[in-house]
Amino acid sequence: MELLNIDNHCKVYGRGENQVTALDHVSLTIEKGEFAAIIGPSGSGKSTLLHIIGGVDVPTSGKVYLDGQDVYAGNSEKLAIFRRRQVGLIYQFHNLIPTLNVVENITLPILMDKRKVNEERLEELLEMLGLKDRRTHLPNQLSGGQQQRVSVGRALMNAPSVCLADEPTGSLDSHNGHEIINLLKLSNKKYRQTLIVVTHDENIALQADRIIGISDGKVVRDERMV
Ligand code: ADP
Ligand code: MG
């Protein structure tokens with residue numbers, strides 16, 4: 001079943017001499033439950049593509065549909081709700097709130113949405129992330145790998161339609177990097193969580209169901225591995 005439809009998408013930044021075409025007529029569909037890896041050289045448009053899918057950046061032209069809904073059709077308030085409920089974002093750097101503990105960081109998107117925390121899901125996630133005995137720790141009391149696991153928890157707490165990870169292992173050693181990818185894969189399999197990972201690491205890309213190569217803002221490779 002199709003989850004995402006990116007239809008003839010262009011993103012142009014700046015104007016005049018400074019104009020950069022970050023995405024150049026990109027069309028892609030992503031299936032529900034798919035694990036796609038996005039690869040490509042630096043500056044090729046990978047992060048821009050994730051931001052467009054995640055409702056973080058506004059397309060210059062073209063549409064994005066999630067579950068048949070036009071992501072950019074509403075106002076900015078609607079877009080913010082879409083981001084909080086439908087999208088889980090993970091970056092290379094953890095982006096945790098330093099004054100909030102593990103549980104508070106993980107449940108932040110739910111609290112911002114004024115919704116009730118699903119305690120069962122929270123416990124399940126803490127267990128999966130190996131953070132059960134770190135729940136009241138602040139980010140600076142955690143290792144880099146643990147902090148990144150908190151940001152995985154925060155991204156997955158809402159059970160979003162799609163989890164987007166932009167070089168999630170980029171600031172980790174290979175052991176912690178493996179762990180993060182294994183957690184994302186576990187959630188992909190266990191919850192059929194659609195997963196899109198931007199990576200430079202060929203070993204990670206080869207674990208995906210599908211490899212999408214981007215160069216100069218265009219899709220230059222689209223290969224299903226299974
Ligand atoms: P990647 O993630 O593949 O390294 P990006 O998607 O970050 O590439 O960037 C693609 C192109 O768009 C680059 O040339 C970059 O300089 C440009 N770009 C990205 N974000 C902005 C922005 N906010 N303003 C202007 N140019 C940008
Ligand atoms: Mg990038």
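The values are calculated or read from the model by the stated rules, or taken from the named source; none is laboratory data. Keep in mind that this is a model prediction, so the values were computed, not measured. Here the Cβ is made from the backbone with ideal geometry for all residues, glycine too, and neighbour counts use every protein chain on show. When the accessible area is computed, the model is the full protein with side chains, heavy atoms only, and any ligands, DNA or RNA have been set aside. Shrake-Rupley method; radii C 1.70, N 1.55, O 1.52, S 1.80 Å.
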- Message: Can you compute the modelled spin-label distance between K78 and Q19, with each label point 7 Å from Cα toward Cβ, in nm?
- Response: 2.9 nm
- Note down the net charge around R115, summing +1 for each Lys or Arg and -1 for each Asp or Glu among other residues with Cβ under 13 Å from its Cβ. +3
- Bin width 10 Å, alpha-carbon pairs only: give the P(r) of the chain as whole percents, running from 0 to the bin holding the largest distance. 8, 34, 36, 19, 3, 0
- Mean accessible surface per residue for region 127-226, computed with a 1.4 Å probe while every protein chain stays in place, in Å²: 45 Å²
- Query: By how many degrees, 0 to 90 and rounded to 10, does the Cα axis of helix 174-190 deviate from the longest principal axis of the chain?
  - Reply: 80 degrees
- Query: Expressed as a fraction of 2.2 N^0.38 Å, the rule-of-thumb size for a compact globular protein of N residues, what is the C-alpha radius of gyration of region 125-196?
  - Reply: 1.04
- Hey, for a label at C10 modelled as a point 7 Å past Cα toward Cβ, could you say which residues of region 182-219 have their backbone N under 16 Å away? 217-219
- How much length is gained on full extension from L186 to V220, taking 0.36 nm per residue of separation minus their Cα-Cα distance? 9.4 nm
- Message: If each residue of separation counts as 0.36 nm, what is the full-extension length gain between D173 and V58 once their alpha-carbon separation is subtracted?
- Response: 38.1 nm
- Over the heavy atoms of F93, what accessible area does a 1.4 Å probe trace out, to the nearest 10 Å²? 130 Å²
- Per-residue ellipticity at 222 nm attributable to helices in the chain (runs of n ≥ 4 DSSP H, -39500 (n - 2.57) apiece, nearest 500 deg cm²/dmol) works out to -10000 deg cm²/dmol
- Note on the structure: For H25, the accessible surface traced by a 1.4 Å probe with all protein chains present amounts, in square angstrom to the nearest 10, to 120 Å²
- Å² of accessible area per residue within region 56-104, as computed with a 1.4 Å probe and no ligands counted: 57 Å²
- Determine the gain in length on full extension of the stretch N140-A159; use 0.36 nm per residue of separation and subtract their C-alpha separation, reporting nm with one decimal. 4.2 nm
- Using a probe of 1.4 angstrom, how much of the accessible area of region 143-225 is carbon and sulfur, in percent? 45 percent
- Query: Rounded, prolate or oblate: which fits region 27-113 when a ≥ b ≥ c are the square roots of the eigenvalues of the alpha-carbon gyration tensor, with rounded for a/c under 1.5 and prolate only if a/b beats b/c?
  - Reply: oblate
- With the Cα gyration tensor of region 89-173 in hand, convert its eigenvalues to equivalent ellipsoid semi-axes via √(5λ) and list them largest first in whole Å. 18, 15, 12
- Mean Cα-pair separation over length for the chain, i.e. relative contact order, pairs under 8 Å, 6 or more apart, %: 29 percent
